[in-house]
Amino acid sequence: MRRVIIMMAIKTSEQGDKMIDIHNHIIYGIDDGPQNIEESVAILKKATELGIEGIIATPHFRKGLFNYSNELMMKNYNKLVKRLGEESLDIQLYLGHEAYLDSNLLEEIKIGNCLTLARSQYILVELPSLDNFYYIKKMLFDLANLDFIPIIAHCERLVHHKLNYSQLLELKAMGCFLQVNATFLLGKFKKYYLRQWILKQLSLGKISFVASDSHNLKNRQNNLLEAKKLLTRSMPKERIDIIFNKNPKRIISNESIL
């Protein structure tokens, strides 16, 4: 039986410079993100200052490492949404998971334990590596057969040798989408060649998303605006808008990625 997709309307920004963050650990008391609601609210206040108008909350879904109930996740998420109204914060929250790819993932998705992004067909997938590439492709292909569309989280972390570059492009060719972390683009890590390759793939449309993967306001803060400013130096404004605004909105409205 094919899944029924629930369409969600989002508020259209009047400003073309707004952003939507599709990978963010904003829900408190769940994984390695904020530990209490006040910390979550502080992070959201900072996000609005950066020009972020929407965030898809993506707590880790990885049994054995992060053990929490979806009931607790929903409870904390709803409390956070309520606080947004009380604080008059102009930012929209959506829910999803960062799903670790293992042998149990397909079943967890089918029974509704692991959530797609904003109730769309898109699912944010964390790969263990590209070492067993046949297994990775088979699992992602099985996801596609269930009408899910994988988005590979922080794809830059998967590149350790030359073969991995072509493997990422092969995943893109088979229907997956690629996401890179903003912090990586800012040169926080000494991988110059990889960063140049990532920048090229962003300009070519092979990598479709830049996200914050934010966890806190200390060592894993939201660098989305800094990354956007960096890319503006070398990419057309239209491409920037697709990466930071249009493609994320297309996830939420369950439309095809550009």
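Bear in mind that the values in this text are calculations on the coordinates, not laboratory data. These numbers come from a predicted model, not from an experiment. Neighbour counts run over all protein chains shown; Cβ positions are idealised from the backbone, glycine included.
A few notes on this one:
- Restricting the calculation to Cα atoms, every distinct pair contributes to the Kirkwood radius of the range 19-252, found to be 17.9 Å.
- From its DSSP helices (H runs of at least four residues, each -39,500 (n - 2.57)), the chain gives a residue-normalised ellipticity at 222 nm of -11000 deg cm²/dmol.
- Computed log10 I(q)/I(0) for the range 97-170 at 0.23 Å⁻¹: -1.06, from the Debye equation with unit scatterers placed on every C-alpha and solvent omitted.
- Here the label points at residue 37 and residue 111, each 7 Å from Cα along the C-beta direction, are separated by 3.1 nm in the simple model.
- The range 83-162, relative contact order [Cα under 8 Å, separation at least 6], %: 27
- Estimated Rh, the range 146-197: Kirkwood, alpha-carbon pairs, angstrom: 11.8
- Highest-fluctuation residue, 233, 157, 195 considered, GNM on the chain with Cα pairs under 10 Å: 233
- Between residue 137 and residue 157, the contour length at 0.36 nm per residue exceeds the Cα-Cα span by 5.5 nm.
- Here the label points at residue 146 and residue 218, each 7 Å from Cα along the C-beta direction, are separated by 3.6 nm in the simple model.
- Annotation: amide H-H contacts under 5 Å for residue 177 (H modelled 1.01 Å from N, sequence separation of 5 or more, or interchain): 151, 152.
- Of all the options 238, 126, 86, the one that moves most in a Gaussian network model of the chain with Cα springs shorter than 10 angstrom is 86.
- Each label was represented as a point 7 Å from its Cα along the Cα-to-Cβ direction; for residue 65 and residue 194 these points are 1.6 nm apart.
- When you restrict to C-alpha pairs under 8 Å that are six or more residues apart and normalise by the size of the chain, the relative contact order lands at 22 percent.
- Amide H contacts of residue 22 (H built 1.01 Å from N, under 5 Å, at least 5 apart or other chain): 56, 212
- Relative to the Cα centre, the charge distribution of the range 140-258, modelled as +1 at Lys and Arg Cβ and -1 at Asp and Glu Cβ, gives a dipole magnitude of about 680 debye.
- Reach of residue 190 by Cα under 26 Å, taken over lysines that are not fewer than 8 positions away in the same chain: 162, 172, 200, 206, 218, 228, 229
- Among 153, 227, 144: highest mean-square fluctuation, GNM of the chain, C-alpha pairs under 10 Å: 144
- Spherically averaged projected area in nm², based on the convex hull that wraps the Cα atoms of the range 174-258: 6.1
- Annotation: the antiparallel percentage among DSSP beta bridges lying fully within the chain is about 0.
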